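Trainee: Below is one structure. I have some questions about it.
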Amino acid sequence: MRVLVISDVHANLTALDEVLADAVNMEWQGRTGFDAIWSLGDIVGYGPWPNECIQRLQQFTDHLRVAGNHDWAALGRLDVEEFNREARKMVLWTQQQLDPASLAYLRGLPDRPLLHEAFTITHASPRQPVWEYINNGSVARENSGYFDTPYCLVGHTHVPRIYRLTPGAEPAQVACTVYGPVYDRDISLTGPHSLIINPGSVGQPRDNDPRASYALLDVEQALWRYRRVRYDVEITQAAMRKAGLPERLIVRLAYGW
Ligand SMILES: [Zn+2]
């Protein structure tokens, strides 16, 4: 089974559509297309098209998904004071936009990690599925005891990364090696280790590369392939300006931070 792995779409329909088109058309191992979508949370928040992004993903019946902190915030399940000023403004704006169908979709998102064969699927971390940032090796190491599968897929940081966790002589001596993304090359996931893997963000990348980030996964062969696709950032920015969204959030899309 070939899976399109996406995270942190953040209501950026222009980026999402570009990713979907790229994944549909990309030839990999002698075929194109994908069989399922795994969406690691934060479908809404920051961007101008929350309902439209939800509707787009609902067109795919084979679609595993989990809740992110912005999805929860849009439902009023998190205290908006936890967010910074601009993010807070976006939470309130998003709450005003969501139609009943979108609210029902967001309410149905699980807040616990999902399991699919060798994969644990969560938004932030297996230890704290909605909140924790796995942004360095020591946090990754601390999370190694919180999932039982060989691989754990996470989003939340908006930065594509692979954390390789190798057991040591003692249970506490897990070693972690951090890898940045290598694009358009097959990455074999198998080995005497477990991995925490982040596909990066579709709608608001934060690794100084404004292109939308995603990955394709061959589940049976445990092969991973990072992709980066250009989308028309200015279309998203224009829609955000028209909606009166915070300038800092508009500007950052052009820089990927
Ligand atoms: Zn996010």
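Read-outs: derived from the displayed coordinates by stated rules, not from any lab. Predicted, not measured: the structure shown is a model, and the values here were computed from it. Cβ placement follows ideal geometry from the backbone for every residue including glycine, while neighbour counts extend to all protein chains displayed.
Trainee: Return the Rg/Rh ratio of segment 1-72 with Cα-based radii and a Kirkwood Rh.
Mentor: 0.98
Trainee: What Kirkwood radius, in Å to one decimal, follows from the Cα pairs of segment 1-124?
Mentor: Computed over segment 1-124, the radius equals 15.0 Å.
Trainee: Using the reciprocal of the averaged 1/r over all distinct C-alpha pairs, how large is the Kirkwood radius of segment 151-257 in Å?
Mentor: Values: mean 1/r = 0.0649 Å⁻¹.
Averaging 1/r across every pair of different Cα atoms and inverting gives 15.4 Å.
Trainee: With +1 on each Lys and Arg Cβ and -1 on each Asp and Glu Cβ, how big is the dipole of segment 17-103 about its Cα centre, in debye rounded to the nearest 20?
Mentor: Details: 7 positive and 14 negative charges, 38 e Å.
So the magnitude is around 180 debye.
Trainee: Using only alpha-carbon positions, what ratio does the radius of gyration of the chain give when scaled by 2.2 N^0.38 Å? Before the final figure, lay out the partial values.
Mentor: Values: Rg = 17.4 Å, N = 257, 2.2 N^0.38 = 18.1 Å.
My calculation over the Cα atoms of the chain gives 0.96.
Trainee: Next up: What full-extension length gain, to one decimal in nm, is calculated for residue 88 and residue 238 as 0.36 nm per residue of separation minus the Cα-Cα distance?
Mentor: My answer for the length gained is 51.9 nm.
Trainee: Can you compute the modelled spin-label distance between residue 114 and residue 172, with each label point 7 Å from Cα toward Cβ, in nm?
Mentor: 3.7
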